[in-house]
Each structure stands twice: as C-alpha cells, then as structure tokens.
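Asks: Below is the structure I would like to discuss, written out as structure tokens.
Nothing in this text is a laboratory measurement; each read-out follows from the coordinates by a stated rule. This one's a predicted model, so the numbers in the text were calculated from it and none came from an experiment. Please note: Cβ atoms are built from the backbone with ideal geometry, for glycine as well, and neighbour counts cover all protein chains shown.
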Amino acid sequence: MKDSVYKSYDELPLFLNAKTVAKVLGVSLSSGYELMHQQDFPTLKIGNRIVVPKERFVQWVERNTSGGDDDGSLEI
C-alpha cells in the first residue's frame, strides 16, 4: 500500500480528482479511477471531468470505515 501524503482532511483540496483520491487512500491510480466509477461513490461530473467534493469524500470515508475515532486524521 502507498503512503498518503495528506495528514488531515483540512489539507485536502475542495475537489479531488482520481489522482488525489488514490493518494489519500494510499492506492494505485487505477484503483482510484475504479472507485470513482462505482455507483455509490460521491462524484460530480463537470463536462468530461469527474471530481469528488471534499466534504462528500470525507462523509464516504466515515460511512465506509468501521471502528476508530473521529479526530480528523487520515489513518487509512
């Protein structure tokens, strides 16, 4: 697994692209693209570009994470 370059949700940009999603989750770019094409993943399509609103991404992570605490750190 790749290490995330982000240490808190506050460091994330307002909208995340597939590359950023992959970096945050510590997965490959192709896994980031796959995730963004899943029906339950919160994407926003702007023309040909697909992005993920930061707040919706954080909510998705919280919904799909079991256990842990809610201190805003990214320990994924």
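Asks: D for the range 19-59, whole µm²/s, Stokes-Einstein with Kirkwood Rh over alpha-carbon pairs at 4 °C and 1.567 mPa s: what number?
Replies: Numbers: Rh = 10.4 Å.
Translational diffusion coefficient: 124 µm²/s.
Asks: Could you list which residues have their amide H under 5 Å from that of Leu16, counting only those 5 or more apart in sequence or on another chain, with H placed in the peptide plane?
Replies: Amide H to amide H, under 5 Å and 5 or more residues apart or across chains, Leu16 pairs with Val52, Lys54.
Asks: Net charge near Phe15: determine it from the other residues with C-beta under 13 Å of the C-beta of Phe15, scoring Lys and Arg +1 and Asp and Glu -1.
Replies: On the way: positive: Lys19, Lys45, Arg49, Lys54, Arg56; negative: Glu55.
With Lys, Arg at +1 and Asp, Glu at -1, the neighbours total +4.
Asks: Rounded to whole Hz and in sequence order, give me ³J(HN,Hα) for the range 46-54 from the Karplus expression 6.51 cos²θ - 1.76 cosθ + 1.60, θ = phi - 60°, writing x for Gly and Pro.
Replies: 10, x, 8, 8, 10, 10, 10, x, 3
Asks: Tabulate in residue order the Karplus-calculated ³J(HN,Hα) for the range 23-37, using 6.51 cos²θ - 1.76 cosθ + 1.60 with θ = phi - 60°, rounded to whole Hz; enter x for Gly and Pro.
Replies: Running phi through 6.51 cos²θ - 1.76 cosθ + 1.60 with θ = phi - 60° gives 4, 4, 7, x, 10, 6, 4, 5, 5, x, 5, 4, 4, 5, 9 Hz.
Asks: Right, something else. In whole Hz and in residue order, list the ³J(HN,Hα) couplings for the range 14-19 that follow from phi through the Karplus curve 6.51 cos²θ - 1.76 cosθ + 1.60, θ = phi - 60°; x for Gly and Pro.
Replies: 4, 10, 10, 9, 4, 5
Asks: Starting from 0.36 nm per residue, how many nanometres of slack lie between Leu14 and Leu44 once their C-alpha separation is accounted for?
Replies: Net length gain for the segment: 9.6 nm.
Asks: When the chain is fully extended, how far beyond the present Cα-Cα distance does Trp60 get from Glu34, taking 0.36 nm per residue of separation?
Replies: Numbers: separation 26, 0.36 × 26 = 9.36 nm, distance 1.52 nm.
Here the segment from Trp60 to Glu34 would lengthen by 7.8 nm.
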